[in-house]
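*Asks:* The structure's right below; bear with me while I get my questions together.
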Amino acid sequence: MNFTDFFYSLVNILNEMSPYILLGFLIAGILHAFVDASTMTRHLSGNGIKPVVKAALFGIPLPLCSCGVLPTAVSLRRQGASKAATTSFLIATPQTGVDSIAATYSLLGLPFAIIRPLAALVGAVGGGLAVGKFAPDATCCECAEPAATDTRRRTFGARVVESLRYGFIEMIASVGKWLVIGLVVAALVTVFVPDSLFVGLSKYPLLAMLAVVVVAIPMYICATGSIPIALSLMMKGLSPGIAFVMLMAGPAANFASVVILNRTQGRKATAIYIASVVITAITIGLVIDLLLPRAWFIPQTTAAETCCHVHLNIFDTVCSVILVALLLYSALRGRFSHKHKLETKENSDIMTRTYKVTGMNCSHCKATVEKAITALEGVTAVEINLSEGTVLVEGDVAPEKVIEAVHCAGFDCEA
């Protein structure tokens with residue numbers, strides 16, 4: 001076991017996933033540019049099972065992580081979505097996405113790719129109905145106003161450009177870090193973790209599933225990034241059901257999102273949310289192990305292929321090169337853009353103030369905070385640094401108004 005084995009493992013997994021990941025990012029961009037967000041909101045108001053099911057179906061294809069989905073859900077809630085429908089959306093969305101479903105098929109096969117969104121649907125509907133029954137709607141934040149809609153009519157060409165920009169720049173900026181972490185962790189587990197450890201744990205599937213939940217939730221990985229980790233667990237001897245728990249529990253929650261969810265939805269709704277994720281993942285994991293044929297869940301990439309040598313299919317390799325280039329561009333773009341804008345503002349005489357915002361973890365969080373502050377009268381520019389959690393506001397605006405706007409968007413803020 002050495003660095004060469006690790007490199008082979010990483011390259012093989014990357015080649016298997018990259019075509020499907022790029023396709024998923026493209027579809028995500030199309031959804032963003034061509035589907036009006038207000039259309040979604042109109043269907044999520046009211047009580048009963050219908051808005052809960054609609055919210056889950058809306059959320060399943062959206063490639064949002066567990067932190068990115070929170071501001072989106074807050075916005076839906078304040079535009080009229082019920083608490084039950086919002087919870088359903090919160091459960092379904094981070095567990096799946098068009099990118100992760102395609103990547104699941106590429107590495108883990110068709111049965112996993114089918115069961116994963118179905119499990120997300122079941123858990124989301126169950127959790128949403130439970131919230132509707134045990135944590136009914138209360139008055140929403142009084143400072144919230146319906147989000148303004150973009151009334152500009154964009155041409156088809158402009159929407160295509162927006163699809164590409166959002167899919168291959170914004171989405172990669174959002175999930176790229178977690179995707180890389182997932183790939184690296186999977187390769188490390190595959191190469192360096194002894195087989196005997198997993199073989200021993202596999203004798204106690206329920207205990208193993210609980211251990212995966214304990215590790216996966218604070219670990220915080222996106223839906224796509226959890227796939228190579230689940231693959232490496234299976235190749236080390238763990239059952240498909242245990243790997244499935246990683247696929248579902250890992251992307252569904254993290255400590256930061258639970259804190260924000262507790263404040264916006266309440267303790268009872270948050271407890272139901274976490275319970276729905278854990279119970280659904282473990283229950284369906286046990287069903288996979290006990291009732292379904294093991295032959296259905298043979299990984300598309302075997303341990304021998306991953307650890308011993310590299311298969312360099314031209315198309316897959318080109319897709320991997322493109323994906324790596326986009327990841328590097330996204331990282332460099334964020335770093336140099338912030339540095340340049342900050343230097344420009346420091347050299348100007350325009351009134352600026354820096355705020356500390358907690359809970360921002362991805363580009364979706366960033367966009368929500370930026371939109372909330374930009375809407376304030378007197379604000380001329382907003383510059384956000386995700387890595388540092390800081391917001392630089394330019395213009396003549398009272399700090400109290402900025403803090404209130406950020407709070408209403410679902411985040412904590414201090415000057």
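The values are calculated or read from the model by the stated rules, or taken from the named source; none is laboratory data. Keep in mind that this is a model prediction, so the values were computed, not measured. FYI the Cβ positions are ideal-geometry reconstructions off the backbone, even for glycines, and counts take in every protein chain you see. Keep in mind that these areas ignore ligands, DNA and RNA; they rest on the heavy atoms of the full protein, side chains included. Shrake-Rupley method; radii C 1.70, N 1.55, O 1.52, S 1.80 Å.
*Asks:* Looking at Ala223 and the list (1) modelled with pLDDT under 75; (2) open to solvent by less than 20 Å² (accessible area, probe 1.4 Å); (3) within 19 Å of Met360 (Cα to Cα); (4) not hydroxyl-bearing (Ser, Thr, Tyr), which single condition is not satisfied?
*Replies:* If we test Ala223 against (1) modelled with pLDDT under 75; (2) open to solvent by less than 20 Å² (accessible area, probe 1.4 Å); (3) within 19 Å of Met360 (Cα to Cα); (4) not hydroxyl-bearing (Ser, Thr, Tyr), just (1) comes out false.
*Asks:* Still on this model: For a quick check of your reading of the model, give me the residue pairs whose first member lies in the range 101-115 and is touching a residue at least 60 places away in the same chain (Cβ under 8 Å), whose second is open to solvent by 30 Å² or more (accessible area, probe 1.4 Å) and among the polar types (S, T, N, Q), with beta-carbon atoms closer than 9 Å and at least 6 apart or on different chains.
*Replies:* Taking only residues 6 or more apart or on different chains, the pairs are Tyr105/Gln300; Ser106/Gln300; Leu107/Gln300; Leu108/Gln300; Gly109/Gln300.
*Asks:* I would also like to ask the following. Can you run down the residue pairs with Cβ atoms below 7 Å, 6 or more apart or on separate chains, where the first is in the range 12-35 and of a type in the set (Asp, Glu) and the partner is open to solvent by 60 Å² or more (accessible area, probe 1.4 Å)?
*Replies:* What qualifies is Glu16/Gln300.
*Asks:* Take the residues of the range 232-243 that are touching an Asp or Glu at 6+ places or on another chain (Cβ under 9 Å) and open to solvent by less than 10 Å² (accessible area, probe 1.4 Å): which is nearest to Leu14 (Cα to Cα)?
*Replies:* Pro240
*Asks:* Here is a follow-up. Restricting to the range 311-340, count the residues that are buried (at least 16 other Cβ atoms within 10 Å of the Cβ) and modelled with pLDDT under 65. Please lay out each step first, then the result.
*Replies:* Step one: filter the range 311-340 for residues buried (at least 16 other Cβ atoms within 10 Å of the Cβ), giving 316-317, 319-320, 323, 326-327, 330, 334, 338.
Narrowing the set further to residues that are modelled with pLDDT under 65 leaves 334, 338.
Final tally of qualifying residues: 2.
*Asks:* Starting from residues that are outside any loop (DSSP other than H, G, I, E, B) and surrounded by 15 or more Cβ atoms within 10 Å (Cβ to Cβ), keep the ones in the range 290-304 and report whichever is modelled with the highest pLDDT. Steps first, answer last, please.
*Replies:* Start the filter on the range 290-304 by keeping residues that are outside any loop (DSSP other than H, G, I, E, B), which leaves 290-291, 294-297, 303-304.
In the following step, the residues that additionally are surrounded by 15 or more Cβ atoms within 10 Å (Cβ to Cβ) were identified as 297, 303.
Values: Phe297: 88, Ala303: 43.
Only one residue fits best here, namely Phe297.
*Asks:* Any residue in the range 380-405 that is assigned to a loop (DSSP other than H, G, I, E, B) sitting within a Cβ distance under 8 Å of a residue that is open to solvent by 20 Å² or more (accessible area, probe 1.4 Å) and of a type in the set (A, V, I, L, M)? List the pairs, counting only those 6 or more apart or interchain.
*Replies:* Filtered contacts from the range 380-405: Asp396/Met351; Val397/Leu376; Val397/Val379.
*Asks:* Same structure, new question: Please verify whether Gly126 is of a type in the set (Gly, Ala, Ser), surrounded by fewer than 22 Cβ atoms within 10 Å (Cβ to Cβ) and modelled with pLDDT of 90 or more, treating the condition exactly as stated. Break it down into steps so the answer makes sense when it comes.
*Replies:* Values: of a type in the set (Gly, Ala, Ser): yes; surrounded by fewer than 22 Cβ atoms within 10 Å (Cβ to Cβ): yes; modelled with pLDDT of 90 or more: yes.
Yes.
*Asks:* Considering only residues that are part of a helix (DSSP H, G or I) and under 17 Å from Ile284 (Cα atoms), which ones fall in the range 198-217?
*Replies:* Answer for the range 198-217, where residues must be part of a helix (DSSP H, G or I) and under 17 Å from Ile284 (Cα atoms): Pro205, Leu206, Leu207, Ala208, Met209, Leu210, Ala211, Val212, Val213, Ala216.
*Asks:* Quick check on this structure: which one of Val161, Val131 is surrounded by fewer than 17 Cβ atoms within 10 Å (Cβ to Cβ) and either modelled with pLDDT of 80 or more or over 29 Å from Ile21 (Cα atoms) (or both)? Step through it out loud before you land on a result.
*Replies:* Working: Val131 fails: surrounded by fewer than 17 Cβ atoms within 10 Å (Cβ to Cβ).
Answer to the check: Val161.
*Asks:* Looking only at residues that are buried (at least 20 other Cβ atoms within 10 Å of the Cβ) and more than 20 Å from the chain's Cα centre (by Cα) in the range 368-381, which one is farthest from Ala73 (Cα to Cα)?
*Replies:* Taking the candidates together, the pick is Ile373.
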